[in-house]
Amino acid sequence: MKDLNSIRYPDDIKGMSIDELTVLSEELRAVLLKKLSVCGGHAGPNLGVVEATVALHYVFDAPTDKIVFDVSHQSYIHKMLTGRINAFTDPAHYNDVTGYTCPRESEYDLFEVGHTSTSIAMSIGLAEARNLKKGNENVVAFIGDASLGGGEALEGLAYAPSLKSNLIVILNDNQKSIADNHGALYDHLEILRQSNGQAANNIFKALGYQYIYVGEGNDMKSLVNAFSAAKDADHAVLVHINTMKGEGLPAAEADKERFHYTAPFDLKTGAPRVYDESVDYTDIFADHMLTKIRDNKNVAVLTAGTPGAIGFSPERRDEAGRNFIDTGICEQSAVSIVAGLAKGGCRPVMGVMATFIQRSYDQLSQDLSINDLPGVIVDFAGSVWGISDVTHLGFFDIAMASNIPNLIFLAPANAEEYVAMIDWAIEQTDHPVFIRTPGGPVEHYDGHVNDNFLEYDIVEKGKDGVAIIAAGSFLRLAKEASDILRANGVEMTIINPRILSSLDKNCLDSLRDYRQIITIEDGIVDGGFGQKVAAYMGAYGVRVDVLGLKKEFLDRYDAEKVLVDNGLTPTQIAEIAMDK
């Protein structure tokens with residue numbers, strides 16, 4: 001067997017026997033486990049496809065053959081086989097690669113992706129390009145069972161056979177989404193597994209695919225044989241592989257949900273290296289929603305396949321019962337279901353990651369807001385302190401959602417406002433409401449929460465003609481800047497706007513004699529809240545400094561550095577206020 005560090009590219013494994021490939025897989029899994037235990041990451045998805053990824057590169061000839069990983073969070077072994085092994089064997093280089101495919105790293109990575117259900121459609125585009133250019137390479141979409149249930153995946157699945165040319169779909173069926181799979185499609189996959197792929201009722205055959213089933217999806221010989229049978233086909237082929245999510249780590253095999261993505265853990269026991277017992281906003285949301293469900297059986301909580309991201313552990317889901325709805329990884333459908341629930345007289349609240357609600361812009365606008373239905377959307381990780389991977393950025397949400405007519409966009413600054421806004425949104429029946437979960441650590445407020453959220457809240461009244469309007473969790477920065485200014489003899493007015501989709505013109509009119517207004521928001525400036533204020537105050541000739549994030553894609557960034565780069569530290573904000 002070769003030393004792992006000598007395996008630079010797929011050609012280095014081409015001459016190996018099946019037994020050697022099996023040993024190689026075991027060694028790759030051991031190296032992967034060691035890194036995951038130190039750094040954390042997508043453990044379950046990657047551990048389950050070690051053999052499949054080795055077989056994939058053994059049979060196909062990337063980068064000539066095109067391989068597209070859906071979501072691409074299961075591409076760690078792929079990276080190890082395509083010139084980046086050092087980032088997994090040498091702790092000094094653990095951070096050299098991203099957690100998703102990345103064309104900036106390697107020609108073997110075709111797309112920078114991190115959202116689900118895209119691989120088949122992208123592969124169709126690659127196949128169409130190949131056909132137009134009269135090429136003959138294989139095009140392979142590697143997709144998980146959870147991703148297959150997404151609307152875009154189903155659209156691609158239906159279209160691909162009509163190409164009447166090579167397109168290979170490898171369906172990695174580990175019987176698990178991030179949590180549980182939901183939908184009749186998964187009952188069908190179970191029938192196919194139980195019949196060893198021989199069931200007469202087969203959706204893939206009905207759509208026109210050549211169907212190949214691999215019952216032992218972690219067996220090297222079976223995988224190599226199946227992939228070899230699909231290679232160079234002149235039609236659409238679907239290879240259905242039955243794998244074990246978390247293979248090789250007993251704790252991950254036993255608790256697939258916790259190990260879908262994990263923090264660093266003890267390699268022997270699987271126990272987290274660090275226990276964080278602090279309450280965060282996901283706990284506050286989930287516990288409060290359980291209270292609402294107990295009080296009103298017409299309240300329903302929805303998620304699109306990410307219950308843990310909104311605080312709904314298996315125990316909380318069990319307590320909520322039928323009032324908790326997991327649509328699977330289908331954000332578009334989830335928002336439309338919210339609209340239907342609201343129309344049917346229920347009080348739906350959808351918890352969703354800010355990066356994923358982007359996928360349902362059309363439904364937010366068309367199904368929910370044009371119909372002016374009182375559904376509630378609560379997004380998470382929309383802050384600069386949210387997820388820093390370029391594929392999972394959430395800080396575009398203010399610009400995206402606050403400009404949709406009828407949709408009320410609220411940005412609480414602390415836990416008490418957050419809970420009060422959720423209550424208000426559920427109780428009102430006039431409009432859809434979008435609530436942005438605060439970023440950073442939980443902030444508390446010991447005063448009375450003014451629940452007229454269509455009006456701004458004056459937190460401090462200054463006398464020196466300077467006002468700072470600080471949206472959401474950036475209110476803390478405003479207060480710290482105010483302390484600096486007060487020490488320099490300047491008393492500043494601080495305003496918490498709360499509503500970012502419309503202007504409190506009465507409040508703004510009261511500032512028309514001010515010499516300066518500063519707006520700060522935890523999102524991009526372009527299309528954001530501050531520009532609305534600046535446009536309105538322009539009629540009064542008041543100087544308005546609009547502060548926020550630049551419109552750019554950032555990747556694995558340091559949040560504090562981003563604040564500095566955008567002039568958003570308390571010291572920088574105070575300096576702008578003192579710049580007369």
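Just so it is clear, none of the values below were taken in a lab; they were calculated from the coordinates. Keep in mind the model is a prediction, meaning the values are calculated, not measured. Cβ atoms come from the backbone with ideal geometry, glycine included; neighbour counts cover every protein chain shown.
Taken about its Cα centre, segment 457-578 carries a charge dipole of about 300 debye when Lys and Arg each add +1 at the Cβ and Asp and Glu each add -1 at the Cβ. Taking LYS343 as the anchor, which lysines have their alpha carbon closer than 25 Å to its alpha carbon, excluding any fewer than eight residues away along the same chain? Reachable lysines: LYS292, LYS297. A simple count of charges around GLY83, restricted to other residues whose Cβ falls under 12 Å of its Cβ and scoring Lys, Arg +1 and Asp, Glu -1, yields -3.
Using Cα centres only, tell me the gap between segment 259-289 and segment 411-468 in whole Å. Rounded to whole Å, the Cα centres lie 28 Å apart. The trypsin sites (Lys or Arg not before Pro) of segment 390-483 that DSSP puts in a loop, and whose beta carbon has at most 16 other beta carbons within 10 Å, are LYS461, LYS463.
One way to sum up the overall shape of segment 457-578 is the equivalent ellipsoid from its Cα gyration tensor, whose semi-axes run 22, 18, 12 Å, largest first. Each principal axis of the Cα cloud of segment 4-254 was evaluated for its coordinate range; sorted largest first, these ranges are 49, 44, 34 Å. Only lysines eight or more places from LYS34 in sequence, or on another chain, were considered; those with a Cα closer than 27 Å are LYS2, LYS14, LYS79, LYS176, LYS221, LYS245, LYS256, LYS268.
Partner lysines whose Cα lies under 21 Å from the Cα of LYS551, excluding those fewer than 8 positions away in the same chain, are identified as LYS532, LYS561. When a/c is below 1.5 the answer is rounded, else prolate if a/b is larger than b/c, else oblate, so apply that to segment 118-213 with a ≥ b ≥ c taken from the square roots of the Cα gyration tensor eigenvalues. Since a/c reaches 1.5 and a/b is larger than b/c, the shape of segment 118-213 is classed as prolate. Could you check what % of the DSSP bridge pairs in the chain are antiparallel, to the nearest 5? Among the beta bridges of the chain, antiparallel pairing accounts for roughly 10 percent. Averaging the sequence gap over all C-alpha pairs within less than 8 Å and six or more residues apart, then dividing by the number of residues, gives segment 457-578 a relative contact order of 28 percent. Membrane-span-like helices in the chain (whole DSSP H runs, Cα extent of at least 24 Å along the helix axis, mean Kyte-Doolittle hydropathy of at least 0.5): 18-39.
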